[in-house]
Amino acid sequence: MFVVVLGSLLILQAVVLRVLEWTKLRNRGGTRDPLYVVWAWFPLLLGSSMLLSNLPRLVGAPHGVVEICDPLGGLLALIDAVWAFRVAQHARARKARSHAEAQRG
């Protein structure tokens, strides 16, 4: 039950962040924070994977539905992990580039 509540809270967080970003975009004239994608999509994907993996089992769904939802939830979690790793690599490379530019000039 805790996992379902946590997954729901993560999805709610993602929705709130998207709404806040939309209001900021209207006020600022269209400039977006580069890390917006991370903060908006990561909690949504993570919460969805948690719900997809555990909710059918808790509500007493048929065995076939649980058998389909478990691998889909695992796949979403794997996509989250790979995506987070790639974002971290990109941020590390970006930091190294800016550090090298600062050293040059």
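Values quoted throughout were computed directly from the atomic coordinates according to the rules given, and no laboratory measurement underlies them. The structure displayed is predicted, hence computed values, not measured ones.
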Go through (1) within 21 Å of the chain's Cα centre (by Cα); (2) within 21 Å of Val5 (Cα to Cα) one by one and return the number of the condition Gly60 breaks. (1)
Considering only residues that are more than 14 Å from the chain's Cα centre (by Cα) and hydrophobic (A, V, I, L, M, F, W, C), which ones fall in region 63-105? Val65, Val66, Ile68, Cys69, Leu72, Ala91, Ala93, Ala96, Ala100, Ala102
